Amino acid sequence: MPVILQVSNLVKRFGQLTAVNDISFEIYQGSCFGLLGPNGAGKTTTIEMMEGIKTPDAGTIRYQGEALGQQFRNEAGIMFQTTALQEFITVREIMVQFSRFYPNTSSIDELAERYALHEFLNQDTRKLSGGQKQRLLLAMALINKPKILFLDEPTTGLDPQSRRNLWKQVQLVKEQGATILLTTHYMEEAYELCDEIAIMDHGRIIAHDAPDALLAAHFDDVVVQIHAKDIPREIGEKEFQAIYRNDSAHILTGDVNKTIEHLLHFDIPLDRLRIRARDLEDLFLELTGKELRA
Amino acid sequence: MWNRIYALFVARNLEFIRDRSALAWSVLLPILIIFVFAFAFTDENPEKFKVGVIPGDTSEGAAAAFKQTRFINFIDFDEVETNLFKVERHQVDMLFDPNTSRYWINQTSPNGYIVEKLLVAAYADSPESLQQILVEGDEIRYIDWVIPGVIAMNIMWGALFGIGYVIVRYRKFGVLKRLRATPVTAMEFLSAQILSRLWLLVAVNTVIFICMDYFVGFRMLGSYFNLFLVFTLGCINLICCGLVVAARISTEEVANGVLNLLSWPMMFLSGVWFSLEGAHPWMQKFALILPLTHVTEAAREIMIDGAGIVQISDHLLVLGVSAVILLIVGARIFQWE
Ligand SMILES: Nc1ncnc2c1ncn2[C@@H]1O[C@H](COP(=O)(O)OP(=O)(O)O)[C@@H](O)[C@H]1O
Ligand SMILES: [Mg+2]
């Protein structure tokens, strides 16, 4: 598959702070690439440089082999983390406005239908709910039938139902052949949508692969999860190298039988025990020593 | 390109028309001002007596006594001919030449009558040396005189704030950032803003002008086309001023401060309300760098004197050239974020 967007040695500084520190990666045409990391990791700064909104201090960005230019503007669909819309303008008017910016566009009624906006077409944009506004912003990003779609934390702040809804719509866009670059701090989101994930922390990429490959490479073991109250910290940390997170102790093991025997030996109640495969959340914890959602 | 400019133009127009408070502000304020002036101040001239004096010896005698009179503003005029029209229009109550003891007054001016009595009183010892010369001419009411300035001022507010404030808000709330993510260029964006503001201001002020003329009725001797040209050019010039202000500022407070810093001095130092005649020469010089002065004066010359395009060409030139410079600077230093 051809590379559509290529990023090499990108650096961005804000005063003393190096928000993006020498990162490089490639995005393949038709794939969904996820930038995953906690708040302040440098995701927005990175994606905005790739969108041509911010100028990098060093490094290059190539779209189909060329520097970002008018062709890129015509073919890119962009949804920011936060966007204000012009005031006193209805949903339809703003969509008409944006469709006039581009040479090649989708029908507004079709988009409105697909993103469940038709009921609000004649409503002021300020009266939309969070989920509705997010759908409008997505529809606006898609109005030029983009070859590449940039989504910066598209579901942050949405309720679980709206989030699932948006995932479905993003998947639909992907099925139609668009390339997607997505940032998120939700593991499930990256896992659900992305073919490739780069994990960012402190402006650097600390891991980069397909979601399953990332998991496989970093762990071949499972997690035994016990309620924190059931296993005292001294025992858990000393005997089982458990990691305490929220209300649970997480014990990593390659041999579940042995671990359970060991737990029984210490008279640990197993009523609330759970065994699960390791997920990206665990991966992030292992890579950075801190929690993603903190 | 035209598609994009058109799209932004339409959106901006809708925004303006639907923003009731801004619309009301830009239509009602000038009408209110005019009516206040038309009905409250026309009978009662807010200015004191004004007498123009030709250079000559006024150190002693009757001329000196006359110049001692309190509550008369004596203004130095260099010669008679070029200033006579001020007596004709009641802008000056009398013109006095101490060398020949001749004086010029307008028969229809009540102020002129009073000042004449004062002059005659000062010359009580030698009344025969005085020589009265009558001039004719309609009074220019304050309303006739102030109207061009009020329209110009209204255009100034609309242009500076309508461009400056709006673009800064767009930047602050990220509307500009979203537009930047589209193929829209800075020049396209700015052109659309200028065009939208220009046509709205011209339309609104034309309506205001017509309404006020209908209700108040004022003097208009020149050509409407020239007047339109002056106001349109002035509008473009002031819009470009707003553009420069809005090029980089990203908070409304700073924008507000800078815009007020520009508009209030213009409001009072451009001769909109009071004639700069008799003002400190330094202030008269300063007024010449304010675009509002040129709009007001050119419009006044057209409406009151019936000046043609040639007589106002210097004002048009100043407005045109500075507008081009401001536009280039504004577009150059413009930043999306
Ligand atoms: N305009 C800016 N000026 C100064 N610091 C900034 C600016 N934008 C972002 N930063 C800093 O850069 C770091 C990365 O920010 P960002 O890219 O927004 O992270 P993320 O999107 O992953 O949450 C943060 O520490 C943030 O405070
Ligand atoms: Mg962010």
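The table that follows gives values for the structure above.
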{"quantity": "Segment A:79-107, subset more than 9 Å from every other protein chain (Cβ to nearest Cβ) and open to solvent by 10 Å² or more (accessible area, probe 1.4 Å), residue nearest to ligand 2 (Cβ to nearest atom)", "calculated": "A:GLN81"}
{"quantity": "Some residue of segment A:20-34 being assigned by TED's automatic domain parsing to the domain that holds A:LEU158, free of Cβ contacts under 8 Å to residues at least 40 places away in the same chain and either of a type in the set (Val, Ile, Thr) or within 16 Å of ligand 2 (Cβ to nearest atom) (or both)", "calculated": "no"}
{"quantity": "Residue that is among the hydrophobic types (A, V, I, L, M, F, W, C), surrounded by 19 or more Cβ atoms within 10 Å (Cβ to Cβ) and part of a loop (DSSP other than H, G, I, E, B), where the choices are B:PHE218, B:PHE274", "calculated": "B:PHE218"}
{"quantity": "Residues of segment B:100-139 satisfying the condition of being part of a loop (DSSP other than H, G, I, E, B) and under 17 Å from B:ILE75 (Cβ atoms)", "calculated": "B:SER109"}
{"quantity": "Total residues in segment B:188-222, condition of a type in the set (S, T, N, Q) and modelled with pLDDT under 85", "calculated": "0"}
{"quantity": "Considering residues of segment B:100-142 that are among the aromatic types (Phe, Trp, Tyr) and in contact with a strand residue (DSSP E or B) (Cβ under 9 Å, 6 or more places away or on another chain) only, the residue most open to solvent (accessible area, probe 1.4 Å)", "calculated": "B:TYR113"}
{"quantity": "Within segment B:168-192, considering residues that are within 12 Å of chain A (Cβ to nearest Cβ) and closer than 17 Å to B:ILE328 by Cβ, the one surrounded by the most Cβ atoms within 10 Å (Cβ to Cβ)", "calculated": "B:PHE189"}
{"quantity": "B:GLU297 being open to solvent by 30 Å² or more (accessible area, probe 1.4 Å) and assigned by TED's automatic domain parsing to the domain that holds B:GLN193", "calculated": "yes"}
{"quantity": "Verdict on A:ARG62 being more than 15 Å from ligand 1 (Cβ to nearest atom) and out of contact with any strand residue (DSSP E or B) (no Cβ under 7 Å at 6 or more places or on another chain)", "calculated": "no"}
{"quantity": "Pair list, Cβ < 6 Å and 6+ apart or interchain, from segment B:318-337 residues that are within 14 Å of chain A (Cβ to nearest Cβ) and in a helix (DSSP H, G or I) to residues that are open to solvent by 60 Å² or more (accessible area, probe 1.4 Å) and modelled with pLDDT of 95 or more", "calculated": "none"}
{"quantity": "Residue list for segment B:90-99, restricted to those being open to solvent by 40 Å² or more (accessible area, probe 1.4 Å) and over 26 Å from the mean Cα position of the chain (by Cα)", "calculated": "B:ASN99"}
{"quantity": "Residue in segment A:39-52 that is touching a residue at least 12 places away in the same chain (Cβ under 8 Å) and away from ligand 2 (no atom under 16 Å from the Cβ) present", "calculated": "yes"}
{"quantity": "Residues (surrounded by 17 or more Cβ atoms within 10 Å (Cβ to Cβ) and either acidic (Asp, Glu) or out of contact with any Gly (no Cβ under 9 Å at 6 or more places or on another chain) (or both)) located in segment B:203-215", "calculated": "B:ILE208, B:PHE209, B:MET212"}
{"quantity": "Matching entry among A:ILE206, A:ILE199, A:ILE148 (being more than 14 Å from chain B (Cβ to nearest Cβ), away from ligand 2 (no atom under 16 Å from the Cβ), touching a strand residue (DSSP E or B) at 6+ places or on another chain (Cβ under 6 Å) and open to solvent by less than 70 Å² (accessible area, probe 1.4 Å))", "calculated": "A:ILE206"}
{"quantity": "Selection from segment A:32-56 of residues that are more than 10 Å from ligand 1 (Cβ to nearest atom) and either β-branched (Val, Ile, Thr) or surrounded by fewer than 18 Cβ atoms within 10 Å (Cβ to Cβ) (or both)", "calculated": "A:ILE53, A:THR55"}
{"quantity": "Positions within segment A:184-196 being within 16 Å of ligand 2 (Cβ to nearest atom) and out of contact with any helix residue (DSSP H, G or I) (no Cβ under 6 Å at 6 or more places or on another chain), in sequence order", "calculated": "A:HIS185, A:TYR186, A:GLU189, A:ALA190"}
{"quantity": "Selected residue (only one of A:GLN6, A:GLN16 is out of contact with any strand residue (DSSP E or B) (no Cβ under 9 Å at 6 or more places or on another chain), away from chain B (no Cβ under 14 Å) and either within 14 Å of ligand 2 (Cβ to nearest atom) or of a type outside the set (Ser, Thr, Tyr) (or both))", "calculated": "A:GLN16"}
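The values are calculated or read from the model by the stated rules, or taken from the named source; none is laboratory data. Values in this document were obtained by computation on a predicted structure and should not be read as measured data. A quick note on method: Cβ atoms are made from the backbone with ideal geometry, for glycine too, and the neighbour counts reach across all protein chains shown. Calculation scope for accessible area: heavy atoms of the full protein, side chains included, ligands and nucleic acids excluded. Shrake-Rupley method; radii C 1.70, N 1.55, O 1.52, S 1.80 Å.
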